[in-house]
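Structure below; questions to follow.
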Amino acid sequence: MNSLRALLALCAALAVLSFAPLSSAAETKVAVVDVQRAVAQTEDGLRAQATLKKLFDARQQELNKKQLDLQKQREDIDKQAKVLSKDALQKRIDEWQKQMIELQTVFIEYNKELEKKQKELTDPVFEKVMAIIKRIATTEGYDLVVDRQMVAYVRSDIDLTDKAIQLYNSGGAPAAAPDKKP
């Protein structure tokens, strides 16, 4: 999803720059925003990360416990391999493999659930950050705002990330644009 957004941002930037007449290209006002950092460092983004970490840690402990149990079972099987009959050994190995597959299935389900929860918690933050970026661009006269991840170098004075985070945390209303006199 992030790579698609980045590709769209790059395409939009190239389209704007390619259609701008050469004489006004110097007048094009460009800025960058690290959208991922802006989402992550807002108060809501930090709360979402804390919630996800709690959920992840609880699930990880559960998975670790199950994995340790299976590891102990495997060691027991290896120790008893010489004293068990072939049928009994095969039965224990089959049961162990079945439990291992169940653990892998649970792991995949947990990952899907975490991804869903992350999307649920961060999508509203992302939408609000994008609206704030649009308001900043409009009020400050930026023609183009590019995601920071799409550029190799940018001057810090045209990076709007910190401003977007501050506006988000203060309620999202950017200061009014100064009046421009002709």
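The values are calculated or read from the model by the stated rules, or taken from the named source; none is laboratory data. Note that the structure is a prediction, hence the values are computed from the model and not measured. Cβ sites come from the backbone with ideal geometry, for glycine too, and all protein chains shown count toward neighbours.
Can you confirm whether residue 20 is modelled with pLDDT under 90, loosely packed, with under 10 Cβ neighbours inside 10 Å and within 30 Å of residue 163 (Cα to Cα)?
In short, no.
Among (1) modelled with pLDDT of 95 or more; (2) within 15 Å of the chain's Cα centre (by Cα), which single condition is residue 134 missing?
Of (1) modelled with pLDDT of 95 or more; (2) within 15 Å of the chain's Cα centre (by Cα), only one is false for residue 134: (2).
Cβ-Cβ below 7 Å, separation at least six or inter-chain, first residue in segment 133-157 and among the β-branched types (Val, Ile, Thr), second surrounded by 14 or more Cβ atoms within 10 Å (Cβ to Cβ) and part of a loop (DSSP other than H, G, I, E, B): which pairs?
Correct list of pairs: 133/160; 136/160; 136/174; 139/174; 145/160.
What number of residues in segment 68-93 are over 39 Å from the mean Cα position of the chain (by Cα) and in a helix (DSSP H, G or I)?
Residues meeting the conditions: 13.
Can you pull out every residue in segment 40-59 that is at pLDDT 90 or above and either exposed (fewer than 15 other Cβ atoms within 10 Å of the Cβ) or not in a helix (DSSP H, G or I) (or both)?
42, 43, 46, 47, 50, 51, 53, 54, 57, listed by residue number.
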